[in-house]
Amino acid sequence: MTSHARAPGGIRRARYRWLVHLGLIGTVAVSLVFEPLVLAIHIAVGLAFAVLAGMHLVQRRRVSASLLARLARVRILARPAGRLALADLLLALVTVGMLVSGFWDWFAGHPTKIRWHAITGVVLAILLVAHTVRRRRRLRRSTVR
C-alpha cells in the first residue's frame with residue numbers, strides 16, 4: 001500500500017474503492033445475465049451500475065480532472081497519459097450513451113429499430129473487460145486520491 005493508504009482513514013477509503021470496483025464488475029455481470037430473463041432486474045442493476053460509475057468518478061476526481069485537462073492539449077494525446085484520458089472519455093461517453101438509450105427504449109415501451117442500447121451495451125462490455133484486464137494488478141491496491 002502507498003503511504004497515502006496508511007494515513008488515517010486511508011485504509012477505509014481504499015476498501016471503499018475496492019468495493020466500488022467489485023460493485024462495478026458485479027453489476028455488469030448480473031445485468032448481462034438477467035437482460036434476456038427478467039427485464040426489471042436488468043434495469044435495476046443497470047441503474048446501480050450507473051450510480052457506481054458516478055461514485056467511481058467522484059473517487060477519482062483529481063485523476064479525472066487532470067485527464068480532462070490533458071484532453072485539451074492535442075500534443076499530449078499521443079502519450080500514454082493522453083491515451084488514458086481518451087480511454088476514460090470513451091468509457092464515460094459509452095456509459096452515458098447506454099444509459100440514455102436504455103431510458104429511450106424504456107419510455108418507448110420497445111427497443112429502437114437499430115437497438116442502440118444493445119450495441120452500446122456490447123461496446124461497453126468489451127471496453128470494461130479491456131479496462132479491467134489492463135488494470136487488474138492495480139485494482140486491489142488502488143487508493144483514493
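Summary of values
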{"quantity": "Residue count for segment 31-68, restricted to those that are over 18 Å from Ile119 (Cα atoms) and open to solvent by 50 Å² or more (accessible area, probe 1.4 Å)", "calculated": "14"}
{"quantity": "Selection within segment 6-25 - open to solvent by 30 Å² or more (accessible area, probe 1.4 Å) and either within 21 Å of Asp88 (Cα to Cα) or touching a helix residue (DSSP H, G or I) at 6+ places or on another chain (Cβ under 7 Å) (or both)", "calculated": "Ile11, Tyr16, Trp18, Leu19, Leu22, Ile25"}
{"quantity": "Close pairs from segment 38-63: first over 11 Å from Gly23 (Cα atoms), partner open to solvent by less than 30 Å² (accessible area, probe 1.4 Å) and of a type in the set (A, V, I, L, M), Cβ under 8 Å, at least 6 apart", "calculated": "Gln59/Val20; Gln59/Val144; Arg60/Val144"}
{"quantity": "Counted residues, segment 115-140 - those being within 26 Å of Arg60 (Cα to Cα), assigned to a helix (DSSP H, G or I) and open to solvent by 80 Å² or more (accessible area, probe 1.4 Å)", "calculated": "7"}
{"quantity": "Residue among Val58, Val45 that alone is closer than 19 Å to Ser101 by Cα, assigned to a helix (DSSP H, G or I) and within 16 Å of the chain's Cα centre (by Cα)", "calculated": "Val45"}
{"quantity": "First in segment 101-114 and open to solvent by less than 70 Å² (accessible area, probe 1.4 Å), second anywhere and of a type in the set (Val, Ile, Thr) and not in a helix (DSSP H, G or I), Cβ under 9 Å, 6 or more apart", "calculated": "Ser101/Thr112; Asp105/Thr112"}
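The values are calculated or read from the model by the stated rules, or taken from the named source; none is laboratory data. From a predicted model like this one, the values you see are computed outputs, not experimental measurements. A quick note on method: Cβ atoms are made from the backbone with ideal geometry, for glycine too, and the neighbour counts reach across all protein chains shown. Note: areas computed on protein heavy atoms with side chains; ligands, DNA, RNA excluded. Shrake-Rupley method; radii C 1.70, N 1.55, O 1.52, S 1.80 Å.
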